[in-house]
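S.K.: Take a look at the following structure, please.
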Amino acid sequence: MTAEPANESASLNQADTGSTEPVVVVEDVSIIFDVKPVLQNISFSVQRGETRIILGPAGGGKSVLMKLVNGLLRPDSGTIRVFGEDVTAMRETDLFKLRARIGMVFQESALFDSLSVEDNVAYRLHEDRVPDEEAHKRVVEALQFVELEQTIAKFPPELSGGMRRRVSIARAIIAKPDLILYDSPTGGLDPITSTTIIELVIKQRDVSHTTSLVITHRLQDAFLLARHRFNIQTGKVEPIPNGGIDDSTKFLVLNEGRIVFDGTTHELVHTTDPWLKEYLA
Amino acid sequence: MPFASPESFAKQRIAAIQDYSVLSWHAIANIFSRPRYWADIYTQMDSIGVGSMPIVVLTGFFTGCVLALQSATSLQEFGSVSLTGNLVALSMVKELGPVLTGLMVSGRNASGMASELGSMKVTEQIDAMRALGTDPVRKLVTPRLYATVFMLFFLTIIADAVGIAGGALVAVALLGLNASSYFHNSYRALVYGDIAQGLTKPLFSGFIIATVGCYFGMNTKGGTQGVGKSTTQAVVVSSVFIIIVDFIVSRAMIGIFGR
């Protein structure tokens, strides 16, 4: 195993919070849209500091699962606990408070068109009545993280798809959340831009050790996440030496609303499941 | 389009009424608890109120003009052209001012609200707002509701005033009436009940425009095509509701004030 620095910090993070309970626990969740079952009997958990990659073909219910975890949708059956709280039974007003600990990056960025990049990134800070000076400072920091500080005064329609996605990441991380949900952060982007986005996810994982769920249907993105790490000294993402893999990164594969795999990168690449082997080929 | 059974059709309609009622109730009640988005309310007042001024002024003015012109033809048969002022004032203040202003503002703003919120819905901006810990009804619907109700009240007063002025222009310039007698008759024709009736209607119309526009916007499905559908539905439904509620309010006011 070659990702010790990340694991050490993850353990520290766990010790800081004094809890070993999983951050996300999904138990026997099913949801039907009209008459079509979108998710059926989904159960898995995400430990503190873990990066869980949700893989699978398009239309397999990955985004719905992400919205269920954030309480944006309610399942027809089953329970979802986030930070120990049952989001399936919470009132919307209580969910708003819980979501202060969760950052979410949407599939199409979902930036507010009528607000500038600064106001988009600072949205949560403005809602929390953070003084303007401090909010500006934190926006600059967040934009520096995604290397887009020059776009601070621009509006979302003036940005490219990749830039919008990076601003969306800045908006998700500005409040230093304990859980980040990335809903297809590379969807619809060219390979080079996709790599840039995934490198930001790696950087966030290895610098802040935030628990995260990352949806993707691109295998190369998933394995880039599993096999690379952020080097704080060089400030660059590099392959984990000796073909190593990051222990905090695990996989969940969904197909047609069902879990077909739940485990580590090593287990995934050595799977004997015929469908999974074909999918990974 | 698939054929829906009468049962599922009825269920869908009842569910829609329930959703509309819940949305309207929350939109009203949100103003009584924190956080309140005053800046959004003022922005919407500017957009809805000041932005609708030109169409309301033009509609009111030319309605007053045409009302004077048309009524003069009938009044001439009874030798009562001098009563043109009475007719224009009563019609504008009790009926045409509130209804036409409501319909014009509905055409401009119910569509605007449905398309804006609908676009936000299909691009997941509404979900993003919820994910960022903000109640979209509180942030988006409540400001539009209070801004519309407040501004429609004043827009109606403006429409009434310019309508009477338009009638005066026609009466003086085309019918050869005395301006002083026109305004005197207009003033004399109106009693407290007429004003109360005319200014109660925009409160209902404003409520309908904002809640219907926001309801269709917040329930938009199906991408850009869905946004177009929501926009059309919002204008159609709010316009029809305004006319139906106008009748109900008129009947109630006649019952209360006796005219």
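We did not get these values from a lab; they are worked out from the coordinates using the rules stated. In this text the structure is predicted, and so the values were computed from the model without any measurement. Because the Cβ atoms are built from the backbone with ideal geometry, glycine has one as well, and the counts that use them run over all protein chains shown.
S.K.: Taking the options A:Thr79, A:Thr88, name whichever one is away from chain B (no Cβ under 14 Å), among the β-branched types (Val, Ile, Thr), closer than 23 Å to A:Glu21 by Cα and in contact with a helix residue (DSSP H, G or I) (Cβ under 9 Å, 6 or more places away or on another chain).
M.R.: A:Thr88
S.K.: For the stretch A:103-111, does any single residue satisfy the condition of being among the aromatic types (Phe, Trp, Tyr) and touching an Asp or Glu at 6+ places or on another chain (Cβ under 6 Å)? Before you say what the answer is, go through the steps one by one.
M.R.: Residues of the stretch A:103-111 among the aromatic types (Phe, Trp, Tyr): A:106.
Filter once more, so that each one left must be touching an Asp or Glu at 6+ places or on another chain (Cβ under 6 Å): A:106.
Yes, the stretch A:103-111 contains at least one residue that is among the aromatic types (Phe, Trp, Tyr) and touching an Asp or Glu at 6+ places or on another chain (Cβ under 6 Å).
S.K.: Need pairs with beta-carbon distance below 9 Å; first residue free of Cβ contacts under 8 Å to residues at least 60 places away in the same chain and more than 9 Å from chain A (Cβ to nearest Cβ) and within the stretch B:121-145, second of a type in the set (A, V, I, L, M, F, W, C) and buried (at least 21 other Cβ atoms within 10 Å of the Cβ); sequence gap 6+ or separate chains.
M.R.: Listed pairs, sorted by first residue: none to list.
S.K.: Would you mind finding the one in B:Thr224, B:Thr200, B:Thr134 that is outside any helix (DSSP H, G or I) and surrounded by fewer than 22 Cβ atoms within 10 Å (Cβ to Cβ)? Steps first, answer last, please.
M.R.: Working: B:Thr224 fails: outside any helix (DSSP H, G or I); B:Thr200 fails: outside any helix (DSSP H, G or I).
Unique residue meeting the criteria: B:Thr134.
S.K.: Moving on to the next point. Can you tell which of A:Ile102, A:Ile198 is among the hydrophobic types (A, V, I, L, M, F, W, C) and within 14 Å of chain B (Cβ to nearest Cβ)? Outline the logic, then answer.
M.R.: Details: A:Ile198 fails: within 14 Å of chain B (Cβ to nearest Cβ).
None of the others qualify; the one that does is A:Ile102.
Yes/no matrix, rows are residues, columns are (1) of a type in the set (Ser, Thr, Tyr); (2) closer than 20 Å to B:Gly193 by Cα; (3) touching a His at 6+ places or on another chain (Cβ under 8 Å); (4) part of a helix (DSSP H, G or I):
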position	(1), (2), (3), (4)
B:Gly51	no, no, no, yes
B:Gly60	no, no, no, yes
B:Ser71	yes, no, no, yes
B:Leu90	no, yes, no, yes
B:Val93	no, yes, no, yes
B:Arg108	no, no, no, yes
B:Ser115	yes, no, no, yes
B:Phe153	no, yes, no, yes
B:Asp160	no, yes, no, yes
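S.K.: Right, another one. Which one is farthest from the chain's Cα centre (by Cα), of the residues in the stretch A:123-154 that are surrounded by fewer than 17 Cβ atoms within 10 Å (Cβ to Cβ) and within 14 Å of chain B (Cβ to nearest Cβ)?
M.R.: Top of the filtered list is A:Asp132.
S.K.: Can you confirm whether B:Val99 is crowded, with 18+ Cβ neighbours inside 10 Å, under 18 Å from B:Leu177 (Cβ atoms) and under 22 Å from the mean Cα position of the chain (by Cα)?
M.R.: no
S.K.: Identify the residue in the stretch A:70-122 that is within 21 Å of B:Pro35 (Cβ to Cβ) and β-branched (Val, Ile, Thr) and, among all such residues, is surrounded by the most Cβ atoms within 10 Å (Cβ to Cβ).
M.R.: A:Val121
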